[in-house]
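A short worksheet on the structure shown next.
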Amino acid sequence: MINRIEKLSLLSELIAFAQKDDSIKSIEYNFLLGIARQLEISEEDFNYLIEHPVTYVNLKSHSERIVQFHRLVLLMNLDSELSTKQVVKIHNFGLRMGLSQESICRVLDLMESFPNKIVPPDFLIDIFKVQYN
């Protein structure tokens, strides 16, 4: 289980990814707030993070890093406005988390073949499992 500092770091990372032109769209805000609630972070703390991000903390658990990468993929595809800049950004986030470049590329390539570009969690886990073993 991850601690509060790691949870706040995860949310800060997601918020940073969502902030295009210094704003977060309402669909992204609601998605991120839902994640904050899952992580047991109050709406007040979540809103504070938007203006005051915390320092990035690398997750120790490989499975938690995969979950975070999946959240980033979901967030990226919420508004259906996928740009090359976003793909590069998510790729770099994945590398920084210590995920396999080959797995990251495979997920980003294969997401085009799924409805709404949403890679199912079990499929995503299988991609990373192959590289982790």
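Just so you know, all these numbers are worked out from the coordinates, no wet-lab data involved. Here the structure is a predicted model, which is why all the values come from computation and not from measurement. Don't worry about glycine lacking a Cβ; one is built from the backbone with ideal geometry, like all the others, and counts go over all protein chains shown.
With a cap of 13 neighbouring Cβ atoms within 10 Å, and only residues DSSP puts in a loop, list the trypsin sites (Lys or Arg not before Pro) found in the range 34-133.
LYS60
Write out the GluC sites (Glu not before Pro) in the range 69-133 meeting two conditions: DSSP loop, and at most 13 other Cβ atoms within 10 Å of their Cβ.
GLU81
So if I take the centroid of the Cα atoms in the range 1-78 and the same for the range 103-132, what is the distance between those two points in Å?
Comparing the Cα centres of the range 1-78 and the range 103-132, I get a distance of 20 Å.
Placing unit charges on C-beta atoms (Lys and Arg positive, Asp and Glu negative, everything else neutral), compute the dipole magnitude of the chain about its Cα centre in debye, rounded to 20.
360 debye
Would you mind checking which residues have amide H under 5 Å from TYR56's amide H? H placed 1.01 Å from N; only 5 or more apart, or other chain.
The answer is none.
Report relative contact order for the chain in percent, whole number only (criteria: Cα-Cα under 8 Å, sequence separation at least 6).
Relative contact order, the chain: 24 percent.
Working from Cα positions, state the angle (0 to 90°, nearest 10) between the long axis of helix 4-18 and the longest principal axis of the chain.
80 degrees
Give the span of the range 1-108's Cα atoms along each principal axis, as three whole-Å numbers ordered largest to smallest.
38, 31, 20
Just how large is the dipole of the range 56-110 about the Cα centre, in debye to the nearest 20, putting +1 at every Lys and Arg Cβ and -1 at every Asp and Glu Cβ? Walk me through the numbers on the way to the answer.
Details: 7 positive and 5 negative charges, 46 e Å.
Taking the Cα centre of the range 56-110 as origin, the dipole is about 220 debye.
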